[in-house]
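Engineer: One structure, as structure tokens, below. Some questions next.
Only the coordinates and a few stated rules stand behind these numbers; no lab work does. From a predicted model like this one, the values you see are computed outputs, not experimental measurements. Heads up, the Cβs are rebuilt from the backbone with ideal geometry, glycines too, and the neighbour counts pull from every protein chain shown.
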């Protein structure tokens with residue numbers, strides 16, 4: 001397929017490479033041109049503007065937040081104005097349910113198709129084509145996108161015809177991951193203050209009661225205190241936390257744990273943790289217990 005790819009950050013670059021490996025004709029656009037050039041060296045076409053990435057059968061956006069997505073989709077030389085009738089916009093960004101609804105309506109009004117396909121997995125999973133994809137959209141549109149989704153992920157899960165439903169799935173999933181991080185942080189603060197080996201503790205947990213990738217990945221990061229370089233930066237985790245709380249407010253669903261995690265993120269960012277991995281907020285439980293773990297807030 002001829003596909004455009006917009007957004008070549010930690011996740012997008014690996015996803016675009018896997019499209020090339022699968023034999024698709026890929027045109028890439030990124031605000032920072034140097035990131036696009038690395039893909040061009042591997043066979044991608046270079047798009048000097050957003051519109052140039054929208055000339056094929058489909059365009060995929062993988063951007064940081066609602067503002068970035070809105071700028072690309074509705075701004076000057078935008079996706080809406082450049083994608084051909086019947087073309088498909090696949091949104092893999094973690095965005096609000098409200099923005100997904102807005103894009104679905106705008107694409108329909110322009111005779112285009114919109115598929116929401118956010119992904120689960122860290123950058124190493126994106127590079128290895130091991131992402132899990134949650135997709136929602138009109139069945140014919142999702143069918144058309146399947147070769148692209150298969151190239152980027154290890155399994156795709158369909159959640160019906162309403163694109164925003166996939167975004168809610170993604171936000172709820174990230175909320176659950178953040179809840180695991182908080183629980184691990186508290187439990188490891190407890191055993192750590194007692195003088196027990198946290199690595200041994202994580203190995204025990206992930207070999208018995210909690211034999212799941214999320215516990216292994218984040219348990220290892222917390223035990224190693226390896227929060228730089230960030231696979232998923234703290235401000236992005238905070239953004240996702242705000243979005244799940246916004247969705248919950250709309251649906252009138254209390255999320256007490258998400259509210260607690262909101263304040264964990266806010267504390268981490270107030271202390272200058274913008275460059276750290278989002279799992280760094282796990283260390284706040286240890287600090288509550290009198291253990292100094294994170295660096296002090298930098299002076300202005």
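Engineer: Relative contact order, percent, of the stretch 168-288 when contacts are C-alpha pairs under 8 Å separated by at least 6 residues? Mind showing how you got there, number by number?
Structural biologist: Values: 131 pairs, mean separation 48.8, N = 121.
Relative contact order here is 40 percent.
Engineer: Please determine, in degrees from 0 to 90 and to the nearest 10, the orientation of helix 234-251 with respect to the longest principal axis defined by the Cα atoms of the chain, where the helix direction is its Cα long axis.
Structural biologist: The helix 234-251 is inclined about 80 degrees to the chain.
Engineer: Between the stretch 170-215 and the stretch 226-270, how many Å separate their Cα centres?
Structural biologist: Here the answer is 18 Å between Cα centres.
Engineer: Based on alpha-carbon positions alone, could you give the equivalent ellipsoid semi-axes of the stretch 103-197 from the gyration tensor, as √(5λ), descending, whole Å?
Structural biologist: Values: eigenvalues 261, 49, 15 Å².
In descending order, the three semi-axes are 36, 16, 9 Å.
Engineer: I've got another one for you. Restricting attention to the alpha-carbon atoms of the stretch 168-288, what are Rg (one decimal) and Dmax (integer), both in Å?
Structural biologist: When restricted to Cα atoms, the stretch 168-288 yields Rg and Dmax of 14.2, 45 Å.
Engineer: While we're here: Please report the relative contact order for the stretch 2-161, taking Cα pairs under 8 Å with a sequence separation of at least 6, and give it as a percent rounded to a whole number.
Structural biologist: Values: 338 pairs, mean separation 33.3, N = 160.
The normalised contact order for the stretch 2-161 reaches 21 percent.
Engineer: Would you list the P(r) distribution for the stretch 152-232, with all Cα-Cα distances sorted into 5 Å bins from 0 and each bin expressed as a whole %?
Structural biologist: Taking all Cα pairs of the stretch 152-232, the binned fractions are 3, 13, 19, 20, 16, 12, 8, 5, 3, 1, 0 percent.
Engineer: Give me 287, 161 sorted ascending by neighbouring Cβ count inside 10 Å, so fewest comes first. Let's see the in-between values first.
Structural biologist: On the way: 287 15, 161 12.
Neighbour counts put them in this order, fewest first: 161, 287.
Engineer: What are the principal axis extents of the Cα atoms in the stretch 246-286, in Å, biggest first?
Structural biologist: Per principal axis, max minus min of the Cα coordinates gives 32, 20, 15 Å.
Engineer: Which FRET efficiency value, to the nearest 0.05, do you get for residue 260 and residue 191 by plugging their Cβ-Cβ distance into 1/(1 + (r/R0)^6) with R0 = 30 Å?
Structural biologist: On the way: r = 21 Å, r/R0 = 0.70.
Here the calculated transfer efficiency is 0.90.
Engineer: In addition: If you wrap a convex hull around the alpha carbons of the chain, what volume per residue comes out, as a whole number of Å³? Display every interim value, and only then the final one.
Structural biologist: Numbers: hull volume 41.6 nm³, N = 300.
That works out to 139 Å³ per residue.
Engineer: Starting from the 7 Å offset along Cα-to-Cβ, what nm value, one decimal, do you get for the label separation of residue 246 and residue 32?
Structural biologist: Once both label points are built, they end up 2.5 nm from each other.
Engineer: Let me ask something else about it. On C-alpha positions alone, give me the angle between the axis of helix 256-270 and the longest principal axis of the chain, in degrees, nearest 10.
Structural biologist: Rounded to the nearest ten degrees, it is 90.
Engineer: Kirkwood Rh over alpha-carbon pairs of the stretch 2-161, then Stokes-Einstein at 20 °C and 1.002 mPa s: what D in µm² s⁻¹, rounded to an integer?
Structural biologist: Working: Rh = 15.1 Å.
Translational D for this selection: 142 µm²/s.
Engineer: Quick one: of the DSSP bridges fully inside the chain, what percent are antiparallel, nearest 5?
Structural biologist: Numbers: 4 of 28 bridges.
In the chain, approximately 15 percent of DSSP beta bridges are antiparallel ones.
Engineer: Give the peptides 206-213, 130-137, 72-79 in descending order of average Cβ contacts within 10 Å, highest first.
Structural biologist: On the way: 206-213: 12.1, 130-137: 23.5, 72-79: 17.9.
Result, highest mean first: 130-137, 72-79, 206-213.
Engineer: In addition: Quick one: what do you get for the stretch 44-120 if you divide its Cα Rg by 2.2 N^0.38 Å? Before the final figure, lay out the partial values.
Structural biologist: Numbers: Rg = 11.4 Å, N = 77, 2.2 N^0.38 = 11.5 Å.
The reported ratio for this selection is 0.99.
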